[in-house]
Amino acid sequence: MALRPYWKGYLKLSLVTCPVNMTPATSESEKVRFHTLNKDTGNRVVSQYIDSVTGKPVKDENEAKGYARGENDYVILTEDDLDNVALDTVKTIDIEKFAPADSIEWVYLEKPHYLMPDNAVGNEAFAVIRDAMKADKVVGISKLVIGRREKAVVLEPRDDGIVLWSLRFGDEVRPEENYFEDIDDEADPDLVPLVQKLIKQKTKRWSPEMVSDPIQESLLKLIEEKKKALKPRKKTAKTKDGPAPASNVVNIMDALRKSVADELRSRKAG
């Protein structure tokens, strides 16, 4: 089942425009996550913003963004202020340039998203843009506001859709020559064939099953062991006539098992 779109707007190339939606192509929702608890009571701990001078909690409606212009001196920006500086790229991906598909180095690629038509009306325009880029073996270069920051993005046609990658800016990438310059230019020519033979023996076609997360697996095993060691919760006066409420650990484990099982089934089906 497709997830709820992360972003909705328009894809534009000159006079060709179509409504699109976008969803992150990766997820960490299946990773084991923990809540912070009070060890003595077992209750969850909540966090609050505290005024650094008065020591009192700050209400949500009183929170604001501040830009420091000096020591303890800030320019305050409200949510309305931030909304008023929204750019056109908040809702429109206007493809301004193109580049050969193999010309963008991997280090500039930041995060992938799936881009697709938002309704049947936009299918034709979307398909035209996608297939034209495929035919010319190019990717589109544009801009998009993500999390109130304008990011450079690259649009790569992929199967029936488009993968949109957010890009790192040039000043965010460290030049590789600064780190590789002291490494020997050439290896021992007698040793290279031996390593090539070893590589050939170990080479297989890529599949997600080639990598795993041993820490995640160990955490799941540990949680399962601790769950089995837990004593059944006693019924309270309010619930003695009904079933005892399920513990948070059981609910989390059930959800994790289902998520892992669904993922394994989908990978086998694929």
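The values are calculated or read from the model by the stated rules, or taken from the named source; none is laboratory data. All figures in this text were calculated on a predicted structure; none of them were measured in a lab. When we count neighbours, we look across all protein chains shown, and the Cβ atoms used for this are built from the backbone with ideal geometry, even at glycine. Accessible surface is based on the protein model in full, side chains and every heavy atom, while ligands, DNA and RNA are left aside. Shrake-Rupley method; radii C 1.70, N 1.55, O 1.52, S 1.80 Å.
What to note about this one:
- Projected label distance in nm at L198 and E105, using a 7 Å step from Cα toward the beta-carbon: 2.8
- Violating pairs (Cα-Cα greater than 32 angstrom) within the set K202/K228; K31/K137; K65/K151; K56/K91; K59/K111: K202/K228; K31/K137; K56/K91; K59/K111
- Qualifying aspartates and glutamates (Cα of each under 16 Å from Cα of K143; at least 8 residues distant if same chain): D88, D94, E96, E110, E156
- Relative contact order, percent, region 1-55 [alpha-carbon distance under 8 Å, six or more residues apart]: 21
- Residue separation of L220 and Y179 scaled by 0.36 nm, minus their Cα-Cα distance, works out to 10.9 nm of gained length.
- Averaging the sequence gap over all C-alpha pairs within less than 8 Å and six or more residues apart, then dividing by the number of residues, gives region 132-206 a relative contact order of 16 percent.
- Y67, Y108, Y10, reordered so the largest accessible area comes first (probe 1.4 Å): Y67, Y10, Y108
- Spacing of the modelled spin labels on L15 and T41, each 7 Å from Cα toward Cβ, amounts to 6.7 nm.
- Area accessible to solvent at V58, 1.4 Å probe radius, in Å²: 50
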